[in-house]
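This report refers to the structure that appears directly beneath it.
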Amino acid sequence: MREINLRENSPKTERIIKPGWRKEENKIIAKRYDQDFFDGERINGYGGYYYDGRWRSVVEKLKKLYHINNRSSVLDVGCAKGFLLFDLQEMLPGIKVAGIDISRYAVNKAMDGYANCLIKQGYKKEEADNLEERARRTILPHMIIGSAEYLPWPDKSFDAVLSITTLHNLTEDKMKKAIQEMNRVCRNPKNMFIEVDAYRTPEEKERMKNWVLTAETVKSVGEWIKFFNECKYKGDYYWMIA
């Protein structure tokens, strides 16, 4: 296992972290994983989750780390609106991609915001809207609604399997099952990546308590590494630190 920051070149989002800001009612709303969580107020989730091109740098790192190319196959567990899947297809034409997410809302909003991204690049609105709809139609057939602990693909279906800021939303028992499933569907157990909420210091632990909305399991970095070993996980990992 290696600690690798797959998103080190992605833009950082400003966070408001203060005691009592997010309450139990906000966690209840967030765990519905609907519009309020993805595109509602920041106190209930992302505060707007739209395509902005940040996943392209992740694709570049995946190419180097796991040697994926246009003949490879990649699974994204917790694919949300499919942004990473789309960039994989755009940057590696011919690659086979698949994604699974618990949120029907997110899957139905695949490639949301792509048009605005294109407009900023100089495209006219009508053309940008048409390209967003085309992108949605391109990626939707590769996305399914489901849970991480039940991956409906045969053994050894993928050359790389990723789960970025998703598995901590499961209880430990369900997370063990999810990692077993990831191991099962990946051809090379070292070609996997997991990023989860974690802390290294008491201060970070307190910040995490005041920030997380959906996490069912939050551990220290050392506890996560121990847990991964217990699950016989051999892939790479990184942490979402509040």
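The values are calculated or read from the model by the stated rules, or taken from the named source; none is laboratory data. Keep in mind the model is a prediction, meaning the values are calculated, not measured. Every residue, glycine among them, receives a Cβ derived from its backbone with ideal geometry; neighbour counts consider all protein chains shown.
Below, the figures for the structure above:
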{"read-out": "Residues (touching a helix residue (DSSP H, G or I) at 6+ places or on another chain (Cβ under 8 Å) and either part of a helix (DSSP H, G or I) or buried (at least 18 other Cβ atoms within 10 Å of the Cβ) (or both)) located in the range 137-157", "value": "138, 139, 140, 142, 143, 148, 149, 151"}
{"read-out": "Positions within the range 102-161 being of a type in the set (Phe, Trp, Tyr) and in contact with an Asp or Glu (Cβ under 6 Å, 6 or more places away or on another chain), in sequence order", "value": "105, 114"}
{"read-out": "Pick from the range 67-116, criterion more than 12 Å from residue 159 (Cβ to Cβ) and among the β-branched types (Val, Ile, Thr), ranking: nearest to the chain's Cα centre (by Cα)", "value": "77"}
{"read-out": "Some residue of the range 188-209 being in contact (Cβ under 8 Å) with a residue 12 or more places away in the chain, of a type in the set (S, T, N, Q) and in a helix (DSSP H, G or I)", "value": "no"}
{"read-out": "Test: residue 22 is farther than 21 Å from residue 132 by Cβ, of a type in the set (D, E, K, R) and touching a strand residue (DSSP E or B) at 6+ places or on another chain (Cβ under 6 Å)", "value": "no"}
{"read-out": "Any hit, the range 217-234, residues being within 23 Å of residue 81 (Cβ to Cβ) and either modelled with pLDDT under 95 or not polar (S, T, N, Q) (or both)", "value": "no"}
